[in-house]
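Q: Quick one: this structure, given as structure tokens, is what I'll be asking you about.
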Amino acid sequence: GPKVLQIPSHQIIDMGQMVTLNCDPVSNHLYFYWYKQILGQQMEFLVNFYNGKVMEKSKLFKDQFSVERPDGSYFTLKIQPTALEDSAVYFCASSFLGVDTLYFGAGTRLSVL
Amino acid sequence: QQQVRQSSQSLTVWEGETAILNCSYENSAFDYFPWYQQFPGEGPALLIAIRSVSDKKEDGRFTIFFNKREKNLSLHIKDSQPGDSATYFCAASSNTNTGKLTFGDGTVLTVKP
């Protein structure tokens with residue numbers, strides 16, 4: 001089936017540094033998402049993105065977070081600066097119409113030391 | 001208050017039995033309920049989904065039973081196989097949200113041969 005690729009699978013970073021998580025969504029999809037999962041907890045919606053703009057964001061999407069997809073390349077989540085509580089697995093997802101099937105990547109495990 | 005709840009953190013069944021995974025929700029605006037299956041090291045993948053206008057959805061060995069009045073649903077896996085061992089997430093969304101899903105905590109299913 002369609003694949004969403006996330007690079008890297010694991011990222012270790014010192015608190016206060018900047019990190020960019022990369023996502024290669026399904027090629028004809030129009031809607032893009034980031035979800036956050038802290039170990040042992042449920043996966044939680046962070047943000048969705050369509051037509052170059054953030055459509056909706058949750059309260060977990062702090063001011064230090066930003067997303068973009070320049071020129072149809074990777075869909076990225078940037079955290080600047082990182083904090084200890086940002087340690088989690090971040091899942092990228094994409095969908096064609098927005099209300100239909102979401103396809104998830106395998107996640108990037110972010111460890112902030 | 002958790003919007004989507006899964007009643008069991010874990011469930012173990014024998015091969016050939018029917019596994020029943022339960023889920024309940026709070027928000028009456030939810031009208032789309034997908035179940036996602038996740039294997040270790042992979043992202044969640046859509047297994048089967050139901051809309052609130054239906055009370056049952058079947059796809060091979062997988063059936064969702066939905067009770068709108070009680071705000072609960074269940075996933076039945078008939079003739080369980082060891083390969084069905086995975087984490088199953090119940091999720092929900094409303095048609096006013098462009099693909100934003102609210103997830104339960106997940107149920108880890110183990111099928112013993």
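The values are calculated or read from the model by the stated rules, or taken from the named source; none is laboratory data. Since this is a predicted model, take the numbers as computed values, not measurements. Here the Cβ is made from the backbone with ideal geometry for all residues, glycine too, and neighbour counts use every protein chain on show. SASA here: full protein model, heavy atoms, side chains in, ligands and nucleic acids out. Shrake-Rupley method; radii C 1.70, N 1.55, O 1.52, S 1.80 Å.
Q: Please compute P(r) over all alpha-carbon pairs of the protein assembly as shown, binned at 5 Å starting from zero, and give each bin as a whole-number percent.
A: Bins of 5 Å from zero give 1, 7, 14, 18, 19, 16, 12, 7, 4, 1, 0 percent of pairs.
Q: Still on this model: So what's the gap between the Cα centers of the stretch B:26-40 and the stretch A:44-71, to the nearest angstrom?
A: So the two Cα centres are separated by 21 Å.
Q: Accessible area per residue for the protein assembly as shown in Å², computed with a 1.4 Å probe and the full protein assembly in place, what is it?
A: Working: 11200 Å² over 226 residues.
I get 50 Å² per residue for the protein assembly as shown.
Q: Can you list which of the trypsin sites (Lys or Arg not before Pro) found in the stretch A:1-80 are DSSP loop residues with at most 11 other C-beta atoms within 10 Å?
A: A:Lys59
Q: Moving on to the next point. Taking the dipole about the Cα centre of the protein assembly as shown, with the C-beta of Lys and Arg at +1 and of Asp and Glu at -1, give me whichever of A:Phe32, B:Ile20, B:Phe30 is farthest to the positive side.
A: Value computed over the given set: B:Phe30.
Q: Only sites in a loop by DSSP and with at most 11 other Cβ atoms within 10 Å count here; which GluC sites (Glu not before Pro) in the stretch B:16-113 make the cut?
A: Sparse-neighbourhood loop GluC sites (Glu not before Pro): B:Glu70.
Q: Other chains near B:31-43: what is the mean number of their Cβ atoms within 10 Å of each residue's Cβ?
A: What the average comes to for B:31-43 is 3.
Q: So, one more: Please say if chain B is rounded, prolate or oblate, where rounded means a/c under 1.5 for a ≥ b ≥ c the square roots of the C-alpha gyration tensor eigenvalues, and otherwise the choice is prolate for a/b larger than b/c and oblate otherwise?
A: The shape class here is prolate.
Q: Further, regarding this structure: Charges at C-beta only: +1 for Lys and Arg, -1 for Asp and Glu. How large is the resulting dipole of chain B about its Cα centre, in Debye rounded to 20?
A: With Lys and Arg at +1 and Asp and Glu at -1, about 300 debye.
Q: For the protein assembly as shown, with the dipole built from +1 on Lys and Arg beta-carbon atoms and -1 on Asp and Glu ones, taken about the Cα centre, which of B:Ile48, A:Val89, A:Leu5 lies farthest toward the positive end?
A: B:Ile48
Q: Hey, another quick one. Of B:Lys56, B:Lys100, B:Lys68, which has the largest mean-square fluctuation in a 10 Å C-alpha GNM of chain B?
A: B:Lys100
Q: With only Lys, Arg, Asp and Glu charged, each at its Cβ (+1 for the first two, -1 for the last two), find how big the charge dipole of chain A is about the Cα centre; round to the nearest 20 debye.
A: Charge dipole of chain A: 60 debye, to the nearest 20.
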